[in-house]
Amino acid sequence: MSKRLPPGPNPLSVLGSLPQFRADMLGFCSDLFTKHGDTVSYRFGHLRAIMSRSPDFFRHVLKENPENYKKSFAYDLMRPIFGDGLLIAHGDHWKENRQKMNSAFGPEQLAIYRPKIEKLTDDLILEWSKGERRDAHTDLIMLTLGIIGDCLFGKDIRSYGAHVSQAMLTIMAQVEHQITHPVHLPLWVPSKKHEAYKKAIGTIEEIAQKLIQVVLEHNGAEGNSKTLLARLLPAGEVTPEVRKNLRDQIMTLLITGHDTSANILTFALQILQQHPAMLNQLKEEIDGSSDLNSPLLTSFINEVMRLYPPVWMASRTALSEDSSGEFLIPNKSLVILVPYSLHRHPDYWSEPDTFKLERFMSKTSPEAFAPFGAGPRACVAMTLGMLEMRIILRSIISSLDWKMENSKILVKPTLTLKPDGAVMA
């Protein structure tokens, strides 16, 4: 039986469905899946896009045949920032670095990270206990950035926090514009936006170079050998290629390693503000146990990530023709996976738009849950992410009474799913 393209809308212009996607990203995806099924096909500018919320499709692309799918052109646009960092790299270079980094997120290292995370969290709790009006999301970004610095780089980088945060916003805005506007001025053309973008990259680059200098100066020192950066150093000479790899991995971890956790934590606080009874349930469990893996808290975090997955959409390029089920995946097609829609699929989740605290304490559909991706390219730092979210939420829930000025959850689907307007009164 011959394979066929998935169903989908007819293009209304040479841009295909790109204008509709640009106008309302989440609504566009939801509308297409409702009208055409779990896997759809449409034109994304000049590209043929295959977009899916099907667990079978996710499994095929991410687990069964991942070698046929490299990161898409959207990630290529990030190459000036990330270079050949773990997010973008493909092939042997990726495999070598991934193998070295995996050991930085095992049980032994997590035990070392725990007191560091607790200390940084206590510092934030102390500030919040003063009762001043705070931007909760910004504070959590600063906290998670501090955790990345202390745990992975062996250095307190919180003083760089405001610079990194602002630079990241500038960089991601430019990349998003390039993705959704296929006809755009090249970066060498002078403009205020281009200059701001280059300056933002330079800001984070400067921090990366300082971190490289620190790891080189302390190479071999007691304790330093366990940092993630030290694991990337070869036994021999530190060549320009080694320095470039350190730079690329630092840029990748610095930008991607803190943003997603801060987003999830902010959504979590807003949800707890909406559900005081749920907050009391969690307080009772936390007060009665020192176990970080307490089932109710873990279920709560998973349910937050189900409704608000940090990476709400991921894209790949098919390196050769392939198929999933009855559908053809053409060579060079843009393959788009939408965890946001997968996590709200009514066939796999009862009342999919409703937050249920105890949902993950009973039987769920693991194939329909992918907050960290899946397969060999699943998030390398997922264990650290879960650890820091458990520690931070336990501390906030047990130590503070807080109130958000606006508990209504507003989302901004950029390259990640961000909260909008999370201010603590």
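Values quoted throughout were computed directly from the atomic coordinates according to the rules given, and no laboratory measurement underlies them. Remember, predicted model here, so these are calculated numbers, not experimental data. Heads up, the Cβs are rebuilt from the backbone with ideal geometry, glycines too, and the neighbour counts pull from every protein chain shown.
Over 20 Å apart at the Cα level, from the set K71/K193; K116/K155; K283/K356, are K71/K193.
Simple spin-label estimate for E67 and T354 gives 4.6 nm between the two label positions (7 Å along the Cα-to-Cβ direction from each Cα).
When the chain is fully extended, how far beyond the present Cα-Cα distance does M382 get from Q213, taking 0.36 nm per residue of separation? Mind dumping the intermediate values first?
Working: separation 169, 0.36 × 169 = 60.84 nm, distance 2.72 nm.
Full-extension gain reported as 58.1 nm.
The residues neighbouring G16, those whose beta-carbon lies less than 10 Å from its own, together hold a net charge of +2 under the Lys/Arg +1, Asp/Glu -1 convention.
Could you list E388, E405, E241 so that the one with the fewest beta carbons within 10 Å of its beta carbon is first and the one with the most is last?
On the way: E388 29, E405 12, E241 9.
Fewest to most other Cβ atoms nearby, the residues stand as E241, E405, E388.
Qualifying GluC sites (Glu not before Pro) in segment 275-348, where qualification requires a DSSP coil assignment and no more than 15 other C-beta atoms within 10 Å, comprise E321, E326. Sites listed here are trypsin sites (Lys or Arg not before Pro) in segment 77-186 whose DSSP assignment is loop and whose Cβ has at most 13 other Cβ atoms within 10 Å: K130, R133.
Calculated FRET efficiency, K100 and H345, Cβ-Cβ r, R0 35 Å, to nearest 0.05? Provide the component values of the computation, followed by the final result.
Working: r = 36 Å, r/R0 = 1.03.
It comes out at approximately 0.45.
Report the calculated FRET efficiency for D291 and A162 (r = Cβ-Cβ distance, R0 = 41 Å), to the nearest 0.05.
On the way: r = 35 Å, r/R0 = 0.86.
FRET efficiency, D291 to A162: 0.70.
When the helices in the chain are scored as -39500 (n - 2.57) per DSSP H run of 4 or longer and the sum is shared across all residues, what 222 nm value do you end up with, to the nearest 500 deg cm²/dmol?
On the way: 16 runs with 209 residues, N = 425.
Mean residue ellipticity, 222 nm, calculated: -15500 deg cm²/dmol.
Round to the nearest 0.05 the FRET efficiency obtained for V242 and I112 when R0 = 22 Å and r is the Cβ-Cβ distance.
Values: r = 25 Å, r/R0 = 1.12.
Given R0 = 22 Å and the Cβ-Cβ separation, E is 0.35.
Taking 0.36 nm per residue of separation and subtracting the Cα-Cα distance, full extension of the segment from E326 to R59 would add 94.6 nm.
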